[in-house]
Each structure stands twice: as C-alpha cells, then as structure tokens.
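Notes for the one structure printed next.
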Amino acid sequence: MQALTTTRTGSGLQIRIDGPDWWRGAIGYEVYVRSFADTNGDGIGDLPGITGKLAYLADLGVDVVWITPFFRSPGFDHGYDVSDYCDVDPKHGTLADWDALAAEAHRLGLRLFVDIVPNHSSSHHAWFKAAVADPTGPYRDYYLWRDPAPDGGPPNNWVSHFGGPAWTLDPGGSGQYYCHLFLPEQPDLNWANPAVMEEFARILRFWAGRGADGFRIDVAHGLCKDPSFADNPQLRPVTPGMHPMDVFASFDHVHDLHRHDTAVLFRQWRDAVHDHGSVLLGEMDTRNVERFAEFVADDTALHAGFVLQLGLGPWRPAHIVDTILEYQEKANGGCAWEVSNHDQARAVSRFGGGDVGLGRTLAVSTLMAALDGMFFLYEGEELGLPDATLVGHVEDPMSARNGEGLWTRDVARGPMPWTTGPLNGFSQAATAWIDTAPLPPDLTVEHQQADPTSTWHRYHALSMLRRTYPELWQAPFELLHHTDTALVIRRGSLLVVGNLGPDAMQTPELAGATLLFQSRDQAFSDGEAPLVAGESTVVVRAGG
Ligand code: NOJ
Ligand code: CA
C-alpha cells in the first residue's frame, strides 16, 4: 500500500509516497554528475554541487535523483569504468560528501539512486589486475577468458559497442583473450561465477547502508553470456567507416545480451537488498517486451527497467504510440519511461529542434506522466535544452576512438545552465571539462524560474499534476480509442488525450470535461467535441 505524505517546498507541493511500492508513481531525474554543478572550480561536477541543488530538484517536483557513477575510476568511459565500487572518486568528492548529500536529500523528502556498473569493471580494478597477474588464482574466473580461434584471432564474432572486436589479448601474455562489450579498459565480469554476485551483494549493501534508496543498474540486460560463446547471427553486412553503434546493431545479440538466465540472476539481486528495501531499476536495452517483462517480474526480478525506445531516433509518432501500448500492456507495470539520457541526442533535437521539437517532447512527456511506473527527466530537459553545440575536442570515447566526425554522446553532456553568468553558473573555472557554446539566457534556470510561461514552469506543473492526481498512474488504464498516432486514455476520473499526429483532432470523449493540463497552449473548447491540437497532449477531468 502507498501512503502519501504532503509537505510544502519553495514553489510547490512535495508529496512523498511511502510503502514498498512507492517507486511506482515516482518522478525521477537523472544527474550526469560531471556536468551538473562544480563547487571546487576544477570544471568537473561534484557531489557537493549536487547537494547544493537538491532544493532546486525538490521544487521541481522530483522524487528520485539518479546520479551517474561517481566511484573511483580512471575515467576511460567517464565513470562507467569503476576501479573501486565502494569509494568516491576524488574528482567528484569524498565519502563524507556522499553522506552529506544523502542526509540533505532525505531531509527534503528526495530519494537517491546510485548507478551500479556490474557488467564490467575497470581494467584498473584490483580484481582484474589480480586476474591478469595470476591466471591460476581465484580472480581469473571473475572475468571472461577464452582461447583464440584456430587462426589466432578473437574467439568469436562478438563486437564491442565502442568499435572493434569484443575481445582483447591478455596483457599478461597468457595467449588468451578477455571479453569486453565496451572498451578494452572495461573487461566484462563473469556472472556465472557466484563469487561475483557475492561481491556485488556487498557493494549494494554498502551503498544501501549509506543512504542509497535504490540502484540504476548499468547494462542490466547484458550480465549473462551464453556459455557456448557461439557467434552471434549477422543481420547485415558491416562496411568500412560505419558508426560503431550501427556495427553493433548489425548483429542479433542472442548470445551476448538479453539472456533468460539474467532474469534468474536478478532474483539474487533482489534477495541481496531485501532487508534494505532498495529499488532495483535496470538499464534494459532489450527491445523485446517479453524479455523485458521477465526481467521485471514482480518480487522475483528487478522492480523496473528503463524503456529506452522513446529515447532513440527521430520523431516517429506511430512508434511512440505502439511502444506505449505494448509496454503498458505487457511489462508488468515495471516501466521507467524517458525520452532523453546521457547516451543519446536530446529529445528536443531528435524530435525536430526549436519550438517544434520542444512541443513534441512535451507532448510525449505528458503522456509518460500518465503511464504506470516511473518517468524520468534528464538534467536540463525541464528547460527544453536542445543538443549542445560542441566547440572543443571530442570527449566521448565511443567517437574519439573511431575517428573525427562521428556522432558523439557529448551533445547530451554539456554543463547545466544555471545562470546567465560565465559558464552559465556551472563552474567558477575558466573552462568546463567539456567545451560547449554558451547557451542563451532564456535557456537558463535563473531566467526560466522567473518567467511563469517558461518550459520549466510547464514541467513543474506536470509534476504537480502527477502528485495531485495519483489516479494518473494508479487508476486502471483504459484505452478508449486509438489511431496510429493518437491515444485517448481513461484513468479513473481523468482523461488523457495524446495527439501526436500533425492535425487537430476532434475528441467527443472530452465533451464537458475540465482542462487540467496541456502540453502546449491551445484554445481548448469544452463543447460537444473538443479539439486537441496536433502534436500535443491534454489531461482533463471527466464530467466537469
Ligand atoms: C550505459 C551507460 O549509460 C553508458 O554511458 C556507458 O558508456 C555504457 N553503459 C557502458 O557502461
Ligand atoms: Ca569539481
């Protein structure tokens, strides 16, 4: 059962949901730690920077703050290569800074998700160093080692997300290869070895005992590999100069990802955090709703997984409608919805840029707020940020290692624009870790909070709506009507109309209803058959 606790914060209503299912209605916010707020002037975001902005997040109406990895790391993949899972990297602060952050978050009624990276460690981790140094020792089996193919090359055709084969020769000279689905500096852990689960159970309990309320699990869908290590079927030819993401997508990842035994493993994860009541949220790039549903089955697997499909590719209204209906129906209510994160172009840019892209993003966000499960904003989404304009060298290893001119995740990783001052108030340094063009004043927090018509206020109103009307995510989901590009949903006394097509739509279901929220300004008539504008969503209360 969920209980609601209501408090007032600076600009609104803070309703904290309690009980084991609290996460189901939660609004999450992803903080990309490097780019959120820098307090010591080194140009890199840090934990005290986040602490200083928690009141801002509470005001926005956020429940959960997911912080990207801040553990000790040599930084080959900006923190997703961890060399000590139980310590804070000095470039982001100290364990005492984490404790202060957790205390302040909980004082404000916020919850914290720590980003655990279990598919791989850093090659600088003591486990990997020991595995290389002693091929007969206990740490060897923490990783995935295979003999070469008969021609001396990699053991199979698996490729890395970041380009090239997923195999690198043992630097210790054993002649074996180790597996890495990402960089060679990110060796994959062997989840068939129970000792690895024991290590991570300890790590999860360490952070849960120190104030983490849940975990975002990196590459959750990839932990188990097929013990046969067979070749993946190839779907299309790989041509020279292809983007590594396209090369990766040219194979059917039946043997290295999405494996059923991962669902079985998640039961052990669930057991590991049971006493702490932590929530487990997987990064779940399965693209297969049946497998997704196995991974988030009630009580036996993860609580929820990210539905990543809406965060990829250009504006495709029919794909958005299909994905929503499919996951809403089949995914056990274990969805975390999002349209942007630190690995993809921002939704405003992907959906057409400018006012058009912003309008479409808001329409989809409004729909997401009316679905089961959590929905997440990515830092700056509440300001309607488009992709950053990059002016310096490329930071993202995926593109930096594969030649100039490749699309780079850097576009989503620019500093958060707080003020109109230097570096938009992100840092007192002369330059930030990533070099991006300054943003215009109207995209800053300072400007938008002062302007009641701003995008910030629209997102704020949306989060208040989800809090004030829990029916929006709790009441039975009834699909009254849909087309390829539009949905009319009833949730208790509320009706939600998402019209992602280009033209205004007549909606007789809304006759006599009272408007509660609209994703963009439009003349909304409550006559016989109210019109809902194209590429927008409205939420109304039925019958006045
Ligand atoms: C997914 C993370 O979101 C991404 O940033 C990272 O590069 C890979 N996993 C590898 O850890
Ligand atoms: Ca810093």
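The values are calculated or read from the model by the stated rules, or taken from the named source; none is laboratory data. For clarity, every value in this text was computed on a predicted model and none was experimentally measured. Virtual Cβ from ideal backbone geometry, glycine too; neighbours counted across all protein chains shown. Side chains are part of the model used for accessible areas, which takes the heavy atoms of the whole protein and leaves out ligands, DNA and RNA. Shrake-Rupley method; radii C 1.70, N 1.55, O 1.52, S 1.80 Å.
Observations on the model:
- Centre separation in Å (Cα based) which lies between region 180-212 and region 435-507: 37 Å
- Length, then width, then depth: along the principal axes, the Cα atoms of region 161-264 run 49, 32, 25 Å.
- For the chain, the carbon plus sulfur part of the accessible surface works out to 53%, probe radius 1.4 Å.
- Extension gain, A461 back to A437 (0.36 nm per residue minus Cα-Cα distance, nm): 5.7 nm
- The chain: calculated mean residue ellipticity at 222 nm from DSSP helix runs of at least 4, using -39500 (n - 2.57): -7500 deg cm²/dmol
- Ranked by how many other beta carbons lie within 10 Å on average, peptides 162-168, 532-538 from highest: 532-538, 162-168
- Set K53/K129; K53/K330; K129/K225 screened for pairs whose C-alpha atoms are more than 27 Å apart: K53/K129; K53/K330
- Contact order, relative form, for the chain: 12 percent (alpha carbon pairs under 8 Å, 6 or more residues apart, mean separation divided by residue count).
- Take every DSSP beta bridge whose two residues both sit in the chain; close to 60 percent of them are antiparallel.
- Separation of the A133 and W407 label points, Cα + 7 Å toward Cβ, nm: 4.3 nm
- Between L479 and D170, full extension at 0.36 nm per residue minus the direct alpha carbon distance yields a gain of 105.7 nm.
- The ellipsoid equivalent to the alpha-carbon distribution of region 476-540 has semi-axes of 15, 14, 11 angstrom, derived from the gyration tensor eigenvalues as √(5λ) and listed largest first.
- Overall shape of region 19-87 was characterised from the C-alpha gyration tensor. The equivalent ellipsoid obtained from it has semi-axes of 24, 17, 9 Å, in decreasing order.
- Between the alpha-carbon centres of region 228-306 and region 379-434 there is a gap of 29 Å.
- With viscosity 1.002 mPa s and temperature 20 °C, the Kirkwood radius over alpha carbon pairs of the chain converts through Stokes-Einstein to a diffusion coefficient of 89 µm²/s.
- Evaluating 6.51 cos²θ - 1.76 cosθ + 1.60 at θ = phi - 60° for every residue in region 439-456, the Karplus couplings come out as 9, x, x, 6, 9, 8, 4, 3, 5, 6, 5, 7, 10, x, 9, 6, 4, 3 Hz, glycine and proline recorded as x.
- Rounded to the nearest whole Hz, the Karplus-based 3J(HN,Hα) values (6.51 cos²θ - 1.76 cosθ + 1.60, θ = phi - 60°) of region 465-476 follow the sequence 4, 5, 6, 6, 10, x, 3, 4, 10, 9, 6, x, with x at glycine and proline.
- Accessible surface, the chain, averaged per residue in Å² (probe 1.4 Å): 36 Å²
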